[in-house]
Amino acid sequence: MADMVQRKIPFSQANAETQPFWDAAKQGRLMVRTCTACGKAHWYPRAICPHCFSDRTEWREASGSGEIYSWSVMRRAPEPYAIAYVRLAEGTTMMTNIVQCDFDALKIGQKVKLVFILSEEGTPVPMFTPA
Amino acid sequence: MSIRGKAYIAGAYEHPTRKAPDKSLAQLHAEVAKGALEDAGLTKDDVDGYFCAGDAPGMGPLSMVDYMNLRVRHADATDLGGCTYIAHVARAAEAIAAGKCNVALITLAGRPRSEGVATGTAPRAGNPAQPDVQFEYPYGPTVVNLYAMCAMRHMYEYGTTSEQLAWVKVAASHHAQHNPHAMLRDVVTVEDVVNSPMVADPLHRLDCCVISDGGGALVVVKPEIAASLKRPKIKVLGGAETVKGQLGGDVDLTWSGARRTGSAAFAEAGVTPADIRYASIYDSFTITVLMQLEDLGFCEKGQGGRFVADGNLISGVGKLPFNTDGGGLCNNHPANRGGITKVIEAVRQLRGEAHPAVQVKDCGLALAHGTGGMLGSRHGSATLIMERE
């Protein structure tokens with residue numbers, strides 16, 4: 001079953017800590033917050049590194065490639081959609097949707113690539129599609 | 001300080017309603033409080049500690065202590081989601097051990113069924129200040145698809161099957177047939193479960209718990225008071241709580257907080273999983289039960305599917321009778337929070353007051369464990385071990 005109908009994507013709101021992430025999204029770039037003290041990327045983005053608690057974190061642009069860690073198609077919805085966790089090449093795992101795909105062919109371990117889908121509010125939201 | 005033997009569960013009451021359009025939320029809280037105090041043989045004026053969580057109206061203890069006109073010297077509104085009330089028993093024991101109160105009242109109530117809440121299938125916006133919301137709400141996380149992703153990963157890692165998950169529901173239904181208050185009393189088969197409509201892969205409709213109104217309450221007291229009451233003495237042996245999230249992006253859906261709370265509670269109680277005669281295991285979904293059983297140590301990690309299969313959770317049939325009231329899968333899930341009913345059925349089993357068809361013989365040691373919030377994103381866990389003295 002292909003997702004012929006893209007459901008409307010709701011958007012919450014950015015705040016002072018996350019505004020640069022959404023500004024970059026509007027330029028088609030996925031930013032991952034990375035710690036210069038411990039060297040690890042994390043998700044979701046924070047000012048204080050959740051791994052080592054250093055405040056020396058910075059935005060780095062992600063390659064946009066990753067693989068599916070887990071997924072589920074929400075069948076009981078007006079327009080079924082696939083939620084997933086995708087492990088990014090940068091080593092951190094984000095919640096997302098898999099779009100423009102055959103839901104019945106989704107698999108854990110499948111390679112995926114970044115696409116941006118416009119939210120109702122107009123901000124592009126990072127999602128993934130089979131690579 | 002250990003809570004081992006420092007407090008007893010003296011009163012337990014489950015509201016018989018499963019749909020309460022004609023009652024208010026505060027009224028349901030008060031009705032279950034009244035029921036549990038009468039069960040214990042105590043009055044509201046004996047209560048000097050009150051425990052509630054996010055299901056309580058208004059400002060929790062402020063609203064409900066005033067509504068019930070209690071006089072408390074200890075209040076606790078800790079919220080770990082649906083497992084909270086299991087943690088509340090341990091917290092009440094801690095407060096009693098520290099001399100902060102003598103008689104602790106714990107209440108839960110809710111009316112999601114009357115209010116028509118699409119509990120499991122509707123994404124919730126949440127408060128924008130909640131730090132994860134802007135990075136998750138756009139993707140449509142619901143209760144069911146967050147648990148479903150755990151099931152999907154469990155199948156991938158360990159070869160768990162939908163048929164094995166279905167056995168959890170089959171066992172619950174075998175118990176629910178004897179509970180006149182249960183919402184779903186028909187015994188179902190593995191085939192019924194796997195042939196029911198898919199809600200969120202790989203969870204079918206019958207892998208999901210019910211949506212019900214209702215509630216429950218518990219009364220926890222200090223040893224001297226327990227000794228003065230006429231009810232069987234149910235001693236608190238050990239308890240533990242934790243919170244597990246996405247680990248800063250090192251997401252691992254294969255284990256739950258039960259891994260931490262189980263070992264801690266067993267150590268405090270001085271017993272092992274093999275000693276447990278009856279277990280109340282939070283059953284928001286079939287996968288919840290399977291993962292918690294592994295993490296509590298009832299079987300090896302990855303062996304949960306084999307452990308629950310072939311009726312191993314059915315009282316009188318298998319090795320680990322669970323949720324003999326029918327659980328959340330068949331009986332009720334008041335306020336979308338199943339923690340308190342888990343403790344209540346464990347107390348019934350220890351007292352020998354479960355339905356005769358499901359009563360475990362010589363049930364001297366029981367466990368209640370729960371998962372609150374979302375197993376697949378961030379959840380609370382609580383374990384409680386109880387003994388009949």
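A few points about this structure:
- Qualifying residue in region B:373-386 (condition: within 16 Å of the chain's Cα centre (by Cα), of a type in the set (Lys, Arg) and assigned to a loop (DSSP other than H, G, I, E, B)): no
- Only residues that are under 15 Å from B:Asn179 (Cα atoms) and not hydrophobic (A, V, I, L, M, F, W, C) were counted in region B:343-389, giving 7.
- Of the set (1) within 14 Å of another protein chain (Cβ to nearest Cβ); (2) closer than 13 Å to B:Phe285 by Cβ; (3) part of a helix (DSSP H, G or I), all apply to B:Met155 but (2).
- Residues satisfying the stated conditions in region A:26-42, i.e. among the hydrophobic types (A, V, I, L, M, F, W, C), in a strand (DSSP E or B) and out of contact with any helix residue (DSSP H, G or I) (no Cβ under 6 Å at 6 or more places or on another chain): A:Val32, A:Cys35, A:Ala41
- Taken over region A:55-91, the criterion of being in a strand (DSSP E or B), facing chain B (nearest Cβ under 10 Å) and over 22 Å from B:Trp255 (Cα atoms) is satisfied by A:Met74, A:Tyr81, A:Ala82.
- In region B:68-76 there is at least one residue matching the filter, namely being of a type in the set (Asp, Glu), touching a Phe, Trp or Tyr at 6+ places or on another chain (Cβ under 8 Å) and modelled with pLDDT of 95 or more.
- Unique match (being within 13 Å of B:Asp207 (Cβ to Cβ), touching a Pro at 6+ places or on another chain (Cβ under 8 Å) and modelled with pLDDT of 95 or more) among B:Ala166, B:Ala151: B:Ala151
- Of all residues in region B:339-372, those being of a type in the set (Gly, Ala, Ser) and either in a helix (DSSP H, G or I) or within 14 Å of chain A (Cβ to nearest Cβ) (or both) number 2.
- Candidate set from region B:15-31 (those that are in contact with a helix residue (DSSP H, G or I) (Cβ under 7 Å, 6 or more places away or on another chain) and surrounded by fewer than 24 Cβ atoms within 10 Å (Cβ to Cβ)); member that is nearest to B:Glu94 (Cα to Cα): B:Ala30
- 1 or more residues surrounded by fewer than 24 Cβ atoms within 10 Å (Cβ to Cβ) and out of contact with any Ser or Thr (no Cβ under 9 Å at 6 or more places or on another chain): qualifying helices (runs of 4 or more DSSP H) within region B:250-338: B:258-269, B:304-308
- Total residues in region B:119-148 satisfying the condition of being part of a loop (DSSP other than H, G, I, E, B), closer than 12 Å to B:Cys208 by Cβ and out of contact with any Lys or Arg (no Cβ under 7 Å at 6 or more places or on another chain): the figure is 3.
Quick grid of which residues meet (1) buried (at least 24 other Cβ atoms within 10 Å of the Cβ); (2) touching a residue at least 12 places away in the same chain (Cβ under 8 Å); (3) outside any helix (DSSP H, G or I):
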residue	(1), (2), (3)
B:Ala33	yes, yes, no
B:Glu38	no, yes, no
B:Leu42	no, yes, yes
B:Asp45	no, yes, no
B:Ala56	yes, yes, yes
B:Asp66	no, no, no
B:Val72	no, yes, yes
B:Thr78	no, yes, yes
B:Ile86	yes, yes, no
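- For region B:39-95, a residue qualifies if it is of a type in the set (Val, Ile, Thr), in contact with a Gly (Cβ under 9 Å, 6 or more places away or on another chain) and farther than 30 Å from B:Asp283 by Cβ, and exactly one does: B:Val72.
- Residue within region A:33-54 that is more than 10 Å from every other protein chain (Cβ to nearest Cβ) and touching a residue at least 60 places away in the same chain (Cβ under 8 Å) present: no
The values are calculated or read from the model by the stated rules, or taken from the named source; none is laboratory data. Note that the structure is predicted; figures quoted are calculated from it, not measured. We place every Cβ from the backbone using ideal geometry, glycine too, and count neighbours over all the protein chains shown.
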